[in-house]
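The values are calculated or read from the model by the stated rules, or taken from the named source; none is laboratory data. Source: prediction; values computed, not measured. A quick note on method: Cβ atoms are made from the backbone with ideal geometry, for glycine too, and the neighbour counts reach across all protein chains shown.
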Amino acid sequence: MAKSTKRSDASASIHDQKLVRREGGELHQIAGPGDETLTTAQGGPVLDDQNSLKAGARGPTLLEDFHFREKIFHFDHERIPERVVHARGYAAHGFFENYKSQAKYTRADLFQRAGERTPAFVRFSTVAGSKGSFDLARDVRGFAVKLYTQEGNWDIVGNNIPVFFIQDAIKFPDLIHAVKEEPDSAFPQAQSAHDNFWDFISLTPESMHMIMWVMSDRALPRSFRFMEGFGVHTFRLVNAKDESTFIKFHWKPKLGLQSVLWNEAVKINGADPDFHRRDLWTAIQSGNYPEWELQVQLFNQDFADKFDFDVLDPTKIIPEELLPPIPIGRLVLDRMPDNFFAETEQVAFMTQNVPPGIDFSNDPLLQGRNFSYLDTQLKRLGGPNFTHLPINAPKCPFAHFQQDGHMAMRNPVGRANYQPNSFGLGPRESVAKGFRSFADIEDGAKRRLRPESFADHYSQARQFFISQTEGEQQHIAAALTFELSKVKTPVIRERMVSHLLNIDEVLAGKVGEMLGLRKMPKPADAAVATRHDLEASPALSIVTNGPQHFEGRKLGILVTDGVDAKLLNALKAAVIKAGGSCAIVAPKVTGAEADDGTLIEVDEMIDGGPSVLFDAVALLPGESGISDLLAQSTARDFVADAFAHCKFIAYVEAARPLFAKAGIEDSLDEGVVALTAKKDIAGFVAMLADLRLWTREPKVKKSAA
Ligand code: HDD
C-alpha cells in the first residue's frame, strides 16, 4: 500500500513545533520563541530549522535550500588541523602583576611600575596526545603564557619541566615523530611507552637529563594548579642603557607542587579523562583563582663563564641553591574563555613574540623555535591574518602596513599603504620606543657543530635523581621499567640501561633486575668522561617541597543512608576552613537519607566517583547503609585504592567491614583515623596537610608506583 503523503505529527510545521511537542504520547507546551530570531550566516531570518526543504513531505530534498546548504557546509569545515604537538590543551584568562620596578634590568614597560597589571592568557597542554586524548598521560605539560603588554604581546612558551630532550631545534621533528603514535600502526596514543620513542632516546644521550624528569612524578601532575612552569631557555633582559642580564623564568604555584601516582593516573584516565580540565574549570568558576609567582634567576656573563655548564644548553638547569630565584610578580587566572574554540584552540603562541627589553640568547633550540611557531600558525589557522583574531590581537595600539590575505578583518585605511610616503600618512618607526636587539658581537666559522660545552649529558641527570626522596626514586625506577617493558626490541631496552649506568648504578641495577635482564650491559660510552658528581639540589623534589596545607585539594566522602549528619557537616566545614573542598559519593546519585532525616545531596555515584579522584577520603556510611555498600565491588576498590595510594582515610565505626572487604584490616596505620566524635575531625584535617602518608608506600604489597 502506498504510504500516505498526508502531513503527520512528525512532520508538523515549525509553528506547531514551537508550541507543542510529543513526549510519551502527551502534548506539552514548550518555550515560545525568544526575542532573538535565528538567522543564516548572511543574516537572513530562518523560518524552519527542523526540516529541510523538500518536494512533498516525503519527497527529495531540494538543492535550492540555501539555509540547509549553508548550515551543512559550515559544519563540514568546523575543524582546523590540531597542533602538531601540544594538541590537547586548556586555557584561562587572568593577569600578571609586577611587584616592583625592574628598570635596572629591563626597559620592558610591564616591569617598570609596582602593581602594574598586564592581561594574560595561559594555555596548559600535554605534548604527545591528540586533541581528544586523556589528561593524565605520562608526559611533559605545556605552560604557555601570553602577556598582552603595552608594547605588544609577549609569549613565554614554556613547560612544567625546566629542561628539554634535545639541544638543537633541527632534531625536533625526529623527537616528535618518535614519541607520537607509530606511523604504521597509529598507536600507542599519548604514550611514550613504545619502541620508537625509546629507540630515539637511547640513541640521543643528550636527552638523559630530561628523561629523569619525564620518568619522575613531574610528568603526572595532580592539577595544572599544582605544577611549576619554566621558560626553559636562557633569555636576556635589556635595560634602557642597552645593558644585558641573562634570565631564566620560573612560575611557582602558590598552592604548592603535587603529583599523582602512576597507578592513580591510569585509573583517573578511565574515570575522568578530563581530570585536569575539570579541575581548572571548577576552581576558577568557584572563585578559587590559581596563582603562580614569577621567580627569575638573573646572572651576568661572568657567572655564565664560571658555571659548570653552558647556559645556552637547554638540557641544563642552574640549580636554585646556586642561584636563588627572585620573586618579581604574580600570575592569577580568574576567567575561563567564553568559547573554547575561539580562544583556547585559536590562540597562537610564538616564542619570537617579545617586547623591547626582553631578548633571546643564542640557545640553538630557542633560535629554531623562533622560526617554527610563526610557520605553524599559518598552517593551523589558515592564513597570515591570525593576529586579527581577538585572542591573538595585541591589546595596545598598533599600526602597520600589512594588508589583505585570507580573512583580513583590518586593512590600513587611506591612500598610502607603504612608507616612506610623501603624504605624511601612516605610522613610522620609533628610535626611542622600537625593539632594539642586544648588540652582541658574534663571530666564528660557519659550521654545523655542537659545542664541547654541551657534551656532559649525565651529571645533571644524576643530580636530579639523587635529589629525589627514596620514594620518588622508586617511582622513577618503576616508570622506566614500565616504559621499557613495552619496548619489544631487546637491544633498545639494553641500550637504555647502559645509559642508566652512567646516571646511577643502583637505578640501573633496579631497572635491569625488574626488566629481568640476564646480563647487565656495559655503560654507554657517549661522552661519559665528562661526568662529575654534583651535590643534590633539594629544590628538585616534589615531596620535599610539599605545600603543607590542604588548600585547593579535595576530600571524597563516602556516605550511605543513615550517615551521621552532624559529623558530616562538621567534617565538611573543617575541610572548607582549611581551604579544601568536599565531594559526596554514595551508592545512589539521588542522594542519601541522613540519620536526622535530611536528604544529603550527592556529587558522584560510587561507580563514577572512585577514590583516585580525591586527595583523601572519609568513609561515613550509616549502620543502615553499610550492607548496601559492601555488596559493591566499587566500594572495595574505593577503600583499597585510597590505602594503596597512601591517602589519609577517616572512618566511622560502621565503615570497619569495608577494611576487611578491601583486604587491609591488618595493615591499618596512623594515616587511617577513626572519627568517633566531632573532636577527632581537627586532628584528621590537620593531618591532610601532608597530602599522603609516604611511609606507607614501601609497606603496601601491591606497590602503587
Ligand atoms: Fe614547542 C607548541 C613548548 C620546543 C615547535 N611548544 C608548543 C606549546 C608549548 C611548547 C607549551 C603549545 C603552545 C600552545 O599552547 O598553543 N616547545 C615548548 C618548549 C620547548 C619547545 C618548552 C623547548 C624548550 N617546539 C620546540 C621546538 C620546536 C617547537 C624545538 C620546533 C623547532 N611547538 C612547536 C610548534 C608548536 C609548539 C610546532 C605546535 C603548535 C604551535 O606551536 O602553536 O610550532
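Quick look at the numbers
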read-out	value
Residue count, the range 544-570 (criterion: part of a loop (DSSP other than H, G, I, E, B) and either over 15 Å from Leu691 (Cα atoms) or in contact with a strand residue (DSSP E or B) (Cβ under 9 Å, 6 or more places away or on another chain) (or both))	9
Among (1) at pLDDT below 95; (2) part of a helix (DSSP H, G or I) - the single one Ala573 does not satisfy	(1)
Per-region count, the range 41-86, residues among the basic types (Lys, Arg) and either touching a Cys at 6+ places or on another chain (Cβ under 6 Å) or in contact (Cβ under 8 Å) with a residue 60 or more places away in the chain (or both)	1
Residue check, Glu535 assigned to a helix (DSSP H, G or I), more than 30 Å from Asn153 (Cα to Cα), modelled with pLDDT of 95 or more and among the charged types (D, E, K, R)	no
Residues satisfying the stated conditions in the range 427-458, i.e. under 30 Å from Asp308 (Cβ atoms) and among the acidic types (Asp, Glu)	Asp440, Glu442, Asp443, Glu452, Asp456
From the options Gly405, Gly383, residue that is within 16 Å of the ligand (Cβ to nearest atom) and surrounded by fewer than 16 Cβ atoms within 10 Å (Cβ to Cβ)	Gly383
Residue match in the range 588-602 (condition: in contact with a strand residue (DSSP E or B) (Cβ under 6 Å, 6 or more places away or on another chain), hydrophobic (A, V, I, L, M, F, W, C), surrounded by fewer than 19 Cβ atoms within 10 Å (Cβ to Cβ) and assigned to a loop (DSSP other than H, G, I, E, B))	yes
Number of positions in the range 347-379 that are in a helix (DSSP H, G or I), in contact (Cβ under 8 Å) with a residue 12 or more places away in the chain and more than 8 Å from the ligand (Cβ to nearest atom)	5
Some residue of the range 482-498 being out of contact with any Asp or Glu (no Cβ under 9 Å at 6 or more places or on another chain) and small (Gly, Ala, Ser)	yes
Matching strands (runs of 3 or more DSSP E) fully within the range 78-158 where at least 3 residues are more than 16 Å from the ligand (Cβ to nearest atom) and either in contact with a helix residue (DSSP H, G or I) (Cβ under 8 Å, 6 or more places away or on another chain) or on the phi < 0 side of the Ramachandran plot (or both)	89-98, 117-126
Enumerated helices (runs of 4 or more DSSP H) restricted to the range 444-527, each holding at least 2 residues that are free of Cβ contacts under 8 Å to residues at least 40 places away in the same chain	470-485, 490-503, 505-515
Subset of the range 159-210 that is more than 14 Å from the ligand (Cβ to nearest atom) and acidic (Asp, Glu) - its residue that is surrounded by the fewest Cβ atoms within 10 Å (Cβ to Cβ)	Asp184
Answer from Lys104, Lys71, Lys146 - the residue that is over 26 Å from His177 (Cα atoms) and in contact with a Phe, Trp or Tyr (Cβ under 9 Å, 6 or more places away or on another chain)	Lys146
Count of the range 267-305 residues which are assigned to a helix (DSSP H, G or I) and either under 16 Å from Pro325 (Cβ atoms) or β-branched (Val, Ile, Thr) (or both)	4
So Gly625, is it buried (at least 17 other Cβ atoms within 10 Å of the Cβ), small (Gly, Ala, Ser), modelled with pLDDT under 95 and over 31 Å from the mean Cα position of the chain (by Cα)	yes
Filtered residue count, the range 165-203, keeping only those that are in a loop (DSSP other than H, G, I, E, B), of a type outside the set (Phe, Trp, Tyr) and within 15 Å of Pro364 (Cβ to Cβ)	3
